[in-house]
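The values are calculated or read from the model by the stated rules, or taken from the named source; none is laboratory data. Note that the coordinates shown come from a computational prediction; the quantities given were computed from them, not determined experimentally. FYI the Cβ positions are ideal-geometry reconstructions off the backbone, even for glycines, and counts take in every protein chain you see.
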Amino acid sequence: MNPDALTHVTEHMREADRAELMETTWDNREADMCVHILAMGGLGYVCVADDGEPVAVAGITVCSPGVGQAWMWGTQRVKEVGLQVTRASIKQCKSELDGTLRRIQASTVSYHHDAHKWLEMVGFEREGRLRRFGRTGADFYMYSMIRG
């Protein structure tokens with residue numbers, strides 16, 4: 001994954017995405033590092049607008065044998081390529097579930113309603129609530145997509 005594209009997205013991240021990321025990290029610097037680590041260690045991709053500007057980073061990071069953690073962060077412009085991001089994500093998830101993964105999971109803070117809708121559009125199912133999971137005590141939802 002292109003580090004410059006990744007830096008651009010983290011610097012222009014949507015407020016809802018940054019707020020969610022901050023629920024699982026200590027500060028902005030750690031949040032930016034988290035994005036870079038996930039993207040570099042995962043099966044990631046960058047989505048760009050027609051003018052070549054990076055508008056989203058997404059991917060799946062293997063967190064244990066057969067299990068991947070899906071993630072996605074976008075800039076304010078991510079809706080310009082929403083259909084492409086969704087199609088690419090569905091394709092990537094199906095490919096990974098046809099390969100080495102039996103489960104892909106995603107966690108999202110309970111108040112990030114756009115993320116919930118998008119995950120369900122991609123094909124994830126809500127499994128349950130992670131109570132007081134966030135750094136500030138916010139609840140999260142766990143979503144999954146499984147093979148078969």
For this session: Could you list all residues from the range 107-129 that are farther than 15 Å from residue 145 by Cα and either of a type in the set (Asp, Glu) or part of a strand (DSSP E or B) (or both)?
Result: 109, 114, 129
Exercise. Does the range 129-139 contain at least one residue that is at pLDDT 95 or above and within 15 Å of the chain's Cα centre (by Cα)?
Worked result: no
Seminar exercise, completed: Residue hits (the range 43-76; of a type in the set (A, V, I, L, M) and either buried (at least 21 other Cβ atoms within 10 Å of the Cβ) or assigned to a strand (DSSP E or B) (or both)) are 43, 46, 48, 55, 56, 57, 58, 60, 62, 67, 70, 72
For this session: Determine, yes or no, whether residue 80 is closer than 17 Å to residue 14 by Cα and either β-branched (Val, Ile, Thr) or modelled with pLDDT under 95 (or both).
Result: yes
Problem set entry | Restricting the range 77-91 to residues that are free of Cβ contacts under 8 Å to residues at least 12 places away in the same chain and over 17 Å from residue 17 (Cβ atoms), the residue that is surrounded by the most Cβ atoms within 10 Å (Cβ to Cβ) | 87
For this session: Taking residue 90 as meeting all but one of (1) hydrophobic (A, V, I, L, M, F, W, C); (2) at pLDDT 90 or above; (3) within 19 Å of residue 140 (Cβ to Cβ), write down the number of the exception.
Result: (3)
Problem set entry | Yes/no for residue 100 being on the phi < 0 side of the Ramachandran plot, in contact with a strand residue (DSSP E or B) (Cβ under 9 Å, 6 or more places away or on another chain), surrounded by fewer than 14 Cβ atoms within 10 Å (Cβ to Cβ) and at pLDDT 85 or above | yes
Exercise. Under 7 Å by Cβ, and 6 or more places apart or on different chains, what pairs join a residue from the range 126-148 that is under 21 Å from residue 62 (Cβ atoms) with one that is of a type in the set (Gly, Ala, Ser) and assigned to a loop (DSSP other than H, G, I, E, B)?
Worked result: 140/110; 140/134; 145/123
For this session: Return yes when residue 129 is charged (D, E, K, R), surrounded by fewer than 16 Cβ atoms within 10 Å (Cβ to Cβ) and in contact with a Leu (Cβ under 6 Å, 6 or more places away or on another chain) and no when it is not.
Result: no
Exercise. What pairs come up if the first residue lies in the range 47-63 and is closer than 15 Å to residue 87 by Cα, the second is aromatic (Phe, Trp, Tyr), and their beta carbons are under 7 Å apart, counting only those six or more places apart or on different chains?
Worked result: 56/73; 57/73; 58/45; 58/71; 59/45; 59/71
For this session: Provide a single number: the residues in the range 77-106 that are in contact with a helix residue (DSSP H, G or I) (Cβ under 7 Å, 6 or more places away or on another chain) and in a helix (DSSP H, G or I).
Result: 6
